[in-house]
Amino acid sequence: MAELDLIAQLGDLLGRPLEKLSEDEFERHGQAKYAPDGADQDRIARDAYCLGADGTVIGLFLQPVTSELLFDFPLRQFNHLKHLYLNLVNLPNYSFLSGLTGLTTLDLSSNSITDFSFLSALTGLTTLYLRNNSIT
């Protein structure tokens with residue numbers, strides 16, 4: 001299935017469309033969200049995606065989403081993802097992320113995650129946000 005078809009399917013599943021943004025907007029979101037003086041206008045506040053120059057999905061922002069909706073969704077098929085923001089999702093298992101080895105930015109804030117073993121496969125990460133989880 002083509003990645004844009006997956007985006008449409010995801011929008012249908014969520015009951016709301018995902019907005020197409022530029023990669024620059026995704027990068028500015030990451031900078032603004034966690035900078036002490038981050039600009040609110042640069043923060044993504046809605047479900048969104050961005051495409052790379054080759055037309056593949058390289059960014060995905062979902063917040064909040066009921067975990068039951070995403071549990072069986074094939075997010076792992078977005079195999080060109082660089083930026084992934086899954087806040088307030090609370091999936092029972094995040095091991096599917098270990099296959100997304102192209103990720104450079106991963107935000108899993110506010111998800112009650114206790115098992116972070118999947119992170120060891122994500123060797124390309126340069127930015128990782130895990131605040132408001134059950135880290136022990």
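The values are calculated or read from the model by the stated rules, or taken from the named source; none is laboratory data. Bear in mind that the values here come from a model prediction, so they are computed numbers and not experimental data. Cβ: placed from backbone, ideal geometry, glycine included. Neighbour counts: every protein chain shown. Quick note on the areas: whole protein, heavy atoms, side chains included, nothing else; ligands and nucleic acids left out. Shrake-Rupley method; radii C 1.70, N 1.55, O 1.52, S 1.80 Å.
Looking only at residues of the range 102-136 that are in a helix (DSSP H, G or I) and closer than 19 Å to His83 by Cα, we find that the one that is least open to solvent (accessible area, probe 1.4 Å) is Phe118.
For the structure I just gave you, tell me whether Pro64 is in a loop (DSSP other than H, G, I, E, B), modelled with pLDDT under 90 and touching a Leu at 6+ places or on another chain (Cβ under 6 Å). Answer is yes for this residue.
Residues of the range 1-31 that are open to solvent by 50 Å² or more (accessible area, probe 1.4 Å) and of a type in the set (A, V, I, L, M, F, W, C): Met1, Ala2, Leu4, Ala8, Leu13. Among the residues of this structure, Val57 counts as one that is buried (at least 16 other Cβ atoms within 10 Å of the Cβ), modelled with pLDDT of 90 or more and closer than 19 Å to Leu10 by Cα. The combined condition, being over 17 Å from Leu10 (Cβ atoms), modelled with pLDDT of 90 or more and either open to solvent by less than 10 Å² (accessible area, probe 1.4 Å) or in contact with a Pro (Cβ under 7 Å, 6 or more places away or on another chain) (or both), is not fulfilled by Leu84. Taken over the range 67-81, residues that are assigned to a loop (DSSP other than H, G, I, E, B), crowded, with 18+ Cβ neighbours inside 10 Å and over 10 Å from the mean Cα position of the chain (by Cα) amount to 1. Consider the range 67-81 and keep the residues that are hydrophobic (A, V, I, L, M, F, W, C) and within 22 Å of His29 (Cα to Cα). The one that is modelled with the lowest pLDDT is Leu75.
The set of residues in the range 90-108 that are modelled with pLDDT of 90 or more and not hydrophobic (A, V, I, L, M, F, W, C) comprises Thr101, Gly102, Thr104, Thr105, Asp107.
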